[in-house]
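The values are calculated or read from the model by the stated rules, or taken from the named source; none is laboratory data. Computed from a predicted model, the values in this text were never measured in an experiment. We place every Cβ from the backbone using ideal geometry, glycine too, and count neighbours over all the protein chains shown. Heads up: the accessible areas ignore ligands, DNA and RNA and are worked out on the full protein's heavy atoms, side chains in. Shrake-Rupley method; radii C 1.70, N 1.55, O 1.52, S 1.80 Å.
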Amino acid sequence: MTRTLTTPPASAAPTRTWSAVLFDLDGTIVDSASDITASLAHMFESLGLPVPDDDTLRSYVGPPLLDSLRMTAGFADAEAWEALNVYRDHYDRHLLRSPVFPGVAGVIELVHRAGIPIALATSKPESMATAVLEHAGLAQYFDVIAGASEDESRSTKADVVAEALRRLQAQGVDTAHAVMVGDRGYDTLGALANGVPTILVEWGYGSPDEAGDALAVVHSADQLRGLLVG
């Protein structure tokens, strides 16, 4: 997708020292869209339903999937759960194939070396998110890995961010000046619901109209590093 998001001018760029950094996973750390959409296509096929076009499949990447199956696909609750289980069974066998976006691992390592606590806040099931970070060699840099619960009782980005903040606070971390790094408007809104500003990355799966509430938008890992650790 062609993107035209731009970074705010230098005078508008945030300069505070962050007390904690929360990262989204899909579209921010790992390029997982093709694996997720392939599993979604398998899900629709397995259920004997037409496979949506590529743009519709990509719209499922980011928001809580159970909600998308209800609202976008129009599934009733029981149908949505059946579809979700079919999807998870297929995706669980492919989730470790997704590569880390260029430069992002280095940014995470630098944030860790700067002594800033790091948390993951993703709508992906927590067990899957942990496996992805461990496979990528990044789990060691995260003080907290918070994701959706298996029963989807915690799945919205606002709830996941709240849980990440709660776990950081339980470790004695000051979260008063935390920042979220994500790629979708869902990340921004979920973080803002918890009083946390968001830096959006341009390499993810969002669109320009999702950037309105973001503190800043970056188009490279170097720009992100500059806003997080200077």
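Of the residues screened, LEU120 is one that is within 30 Å of GLU82 (Cβ to Cβ), touching a strand residue (DSSP E or B) at 6+ places or on another chain (Cβ under 9 Å), assigned to a strand (DSSP E or B) and not β-branched (Val, Ile, Thr). Taking residues in segment 49-69 that are free of Cβ contacts under 8 Å to residues at least 12 places away in the same chain and under 17 Å from THR156 (Cβ atoms), and partners anywhere that are open to solvent by less than 60 Å² (accessible area, probe 1.4 Å) and not in a helix (DSSP H, G or I), the pairs with Cβ atoms closer than 6 Å and at least 6 places apart or on different chains are SER68/TYR60. Inspect segment 83-98 for any residue being in contact (Cβ under 8 Å) with a residue 40 or more places away in the chain, charged (D, E, K, R) and farther than 18 Å from VAL160 by Cβ and give the result as yes or no. Within segment 83-98, one or more residues are in contact (Cβ under 8 Å) with a residue 40 or more places away in the chain, charged (D, E, K, R) and farther than 18 Å from VAL160 by Cβ. Within segment 17-55, restricting attention to residues that are part of a loop (DSSP other than H, G, I, E, B) and farther than 30 Å from HIS177 by Cα, the residue that is least open to solvent (accessible area, probe 1.4 Å) is PRO52.
In this structure, does GLY115 turn out to be open to solvent by 30 Å² or more (accessible area, probe 1.4 Å) and either among the polar types (S, T, N, Q) or outside any helix (DSSP H, G or I) (or both)? Yes. May I ask you to verify whether GLU134 is without any contact (Cβ under 8 Å) to a residue 12 or more places away in the chain, in a helix (DSSP H, G or I) and either in contact with an Asp or Glu (Cβ under 7 Å, 6 or more places away or on another chain) or open to solvent by 10 Å² or more (accessible area, probe 1.4 Å) (or both)? Taking the combined requirement at face value, the residue satisfies it. Among the residues of segment 61-89, those identified as open to solvent by less than 60 Å² (accessible area, probe 1.4 Å), within 18 Å of SER32 (Cα to Cα) and out of contact with any Leu (no Cβ under 9 Å at 6 or more places or on another chain) are GLY62, PRO63, PRO64, SER68.
Suppose we keep only residues that are without any contact (Cβ under 8 Å) to a residue 24 or more places away in the chain and of a type outside the set (S, T, N, Q) within segment 144-158. Which one would you say is least open to solvent (accessible area, probe 1.4 Å)? Out of the qualifying residues, it is ARG154. In this structure, does THR122 turn out to be at pLDDT below 95 and either over 23 Å from LEU65 (Cβ atoms) or of a type in the set (Ser, Thr, Tyr) (or both)? No. For segment 123-176, taking the residues that are polar (S, T, N, Q) and within 23 Å of ASP89 (Cβ to Cβ), the one that is nearest to the chain's Cα centre (by Cα) is identified as SER123.
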